[in-house]
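The values are calculated or read from the model by the stated rules, or taken from the named source; none is laboratory data. Just so it is clear, the model here is predicted, and its values are computed rather than measured. Cβ sites come from the backbone with ideal geometry, for glycine too, and all protein chains shown count toward neighbours.
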């Protein structure tokens, strides 16, 4: 037990100030304001359901990273949940495969209104190099917007955790 | 030359890759006899796929890659254009079952086996249309207009008092890829697990057709994002063998350096997640922090957090300066110290060990039966690592100069896979330090001029196990067929066995201890 506690204290708090993570002037106040707004509107954290509708798992690795101590998304009032019924936002990676099309539609329909959809990655957004590789074919419907309405796009192959944070914030701001 | 005293004639593939022999036959019986000989020699089925050769004046062709002590043997079986039927190999190698069903769905060549359920085809295209047949590829619209129909799947059902099913997926509770698991349980006890995959099927093999080698390299790096270096390297080996090119020594060592960094990144992430799945959040926090540091250095020195598109046919596109190599060595020292300290905490934590020990057991006999490779096989005590010397086998450069020590553990449970992952981190850290001081000078890349109608096969020991890429060029030197094979094909069925004696809440832990790829097998 003592080595464990010692390690926790030695590691300290690693969470970066949002300036470093979001890399734009005045963003810290912006994030604080958004946190307040999210709390005002919802009275709780913004909840996110991630749906992998056909990615290569690259985007998922970066979405995992959002919850590490450096980015600490959950500590900033954004929580990943297990059911779309508990979610305010769907974070969808693509290209949407035909075999996942129905499951994605069901997840979307299960998410209570008003809901936000963020498309993640070049395949999910239909842009960049990866889109040329993964555009529509017999097995895929193409980008997320071909299946459900998308509010914000986060391109990248895969997008960095910082870009993902910016995208999630941008989606919240739209409301 | 002959292999294993069988009739099929083989030739050794040239190039810098792992030892590969290539042979062909027109007799299904010869293939069957060779498969039995491989099985007797404690070998395994390593990959299986089909191709349409009708536009070249042939019929269809089945390609089987077998692994045995000395390396890999790729056997092609020519099949007639009418009624292309080949002998069922799943009686010898049970894990051939899903590969054969996928091959039927994609190319339309069939076995006489009993299990004829579709595998990759759900309801997105009709059962008499085959995406990889030459006429489908050149069809207007290429099958985009088919209605996406709901599909049913015949799961094996268990009866009896108190037995019931728990369907899980395709969307899982966490941030993971989609797939369906059907548990048959009594109370908490798992009687049977059956997987249904294919949800990630995005027609990757179809997309390769007609690409040039450079575009194919980008696509192959996105088959499974966590193994991008392993796939890119295996593809490069196949392309280099096909085009008779040898990459420069510096490029080979930089490839190995990236592959080992990929291995460590994945082990770090999974060791953290394994702690978390046993309600030990401390482990997740600590390991995810180490992984983030690791990925950030990748981005700084190699230009991409996961090192996508750094390995290309002919060599690599990124170089490391002496100062960068020093930073890698420093990071290895730091991470090594930290991982050792956290391992001591893991090992002494009674709650964690209680969950890890005796959970999800696979023994060595089952591992051989299911043709397992990689960390999953080594955690049953099998000494099988493509990077290591063994009697009769020389690893490919640069591993032949590094003296890699395989990490094994005979227990076969989650604890064994955790131990193997820890030991592989230590070994890969040692390799990184050694490569940083012994990186040869010279070119990074040689030109690869595409050779029409050439073929090649690449085998690379990725962090999950053997990643195999088969490549075939057309008469203009563009890609006619690429088949990427993920080790998860064989390990997924092992997971069905591993959970059988355990309870439902242990499943996430057992699953994470393997952390298999969905995208890599759904293609």
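So the values come out like this:
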{"read-out": "Residue match in the range B:163-172 (condition: assigned to a loop (DSSP other than H, G, I, E, B) and more than 9 Å from chain A (Cβ to nearest Cβ))", "value": "no"}
{"read-out": "Test set (1) more than 25 Å from residue A:126 (Cα to Cα); (2) more than 9 Å from every other protein chain (Cβ to nearest Cβ); (3) buried (at least 20 other Cβ atoms within 10 Å of the Cβ); (4) at pLDDT 85 or above - residue A:112 fails condition number", "value": "(3)"}
{"read-out": "Residue in the range A:143-156 that is buried (at least 23 other Cβ atoms within 10 Å of the Cβ), at the interface with chain B (Cβ under 10 Å from one of its Cβ atoms) and more than 14 Å from the chain's Cα centre (by Cα) present", "value": "no"}
{"read-out": "Contacts under 8 angstrom Cβ, first residue in the range B:141-154 being facing chain A (nearest Cβ under 10 Å), partner at pLDDT below 85 and not in a loop (DSSP other than H, G, I, E, B), 6 or more apart", "value": "B:142/B:136; B:143/B:136"}
{"read-out": "Among residues of the range B:341-372, those that are touching a residue at least 12 places away in the same chain (Cβ under 8 Å), farther than 21 Å from residue B:507 by Cα and out of contact with any helix residue (DSSP H, G or I) (no Cβ under 7 Å at 6 or more places or on another chain), counted", "value": "2"}
{"read-out": "Search result, residues across the range B:359-379 that are in a helix (DSSP H, G or I) and closer than 17 Å to residue B:42 by Cα", "value": "B:364, B:365, B:366, B:367, B:368, B:369, B:374, B:376, B:377, B:378"}
{"read-out": "Hey, residue B:238 out of contact with any helix residue (DSSP H, G or I) (no Cβ under 9 Å at 6 or more places or on another chain), outside any helix (DSSP H, G or I) and not assigned by TED's automatic domain parsing to the domain that holds residue B:18 or not", "value": "no"}
{"read-out": "Which numbered condition residue A:168 misses (of (1) surrounded by 24 or more Cβ atoms within 10 Å (Cβ to Cβ); (2) more than 9 Å from chain B (Cβ to nearest Cβ); (3) closer than 17 Å to residue B:144 by Cβ)", "value": "(3)"}
{"read-out": "Considering residues of the range B:173-190 that are out of contact with any helix residue (DSSP H, G or I) (no Cβ under 7 Å at 6 or more places or on another chain) and part of a strand (DSSP E or B) only, the residue nearest to the other protein chains (Cβ to nearest Cβ)", "value": "B:180"}
{"read-out": "Every pair of residues 6+ apart whose Cβ atoms lie under 9 Å, when the first sits in the range B:248-259 and is outside the structural domain of residue B:398 (by TED's automatic domain parsing) while the second is part of a helix (DSSP H, G or I) and modelled with pLDDT under 95", "value": "none"}
{"read-out": "Qualifying residue in the range B:205-224 (condition: surrounded by fewer than 24 Cβ atoms within 10 Å (Cβ to Cβ), assigned to a loop (DSSP other than H, G, I, E, B) and at the interface with another protein chain (Cβ under 10 Å from one of its Cβ atoms))", "value": "yes"}
{"read-out": "Test for residue A:85: is it within 14 Å of the chain's Cα centre (by Cα), surrounded by fewer than 24 Cβ atoms within 10 Å (Cβ to Cβ) and more than 10 Å from chain B (Cβ to nearest Cβ)", "value": "no"}
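Residues are listed down the side, and each one gets a yes or a no for (1) over 15 Å from residue A:117 (Cα atoms); (2) at the interface with chain B (Cβ under 8 Å from one of its Cβ atoms); (3) modelled with pLDDT of 95 or more:
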site: A:51; (1), (2), (3): no, yes, yes
site: A:65; (1), (2), (3): yes, yes, no
site: A:68; (1), (2), (3): yes, yes, no
site: A:72; (1), (2), (3): yes, no, no
site: A:81; (1), (2), (3): no, no, no
site: A:94; (1), (2), (3): no, no, no
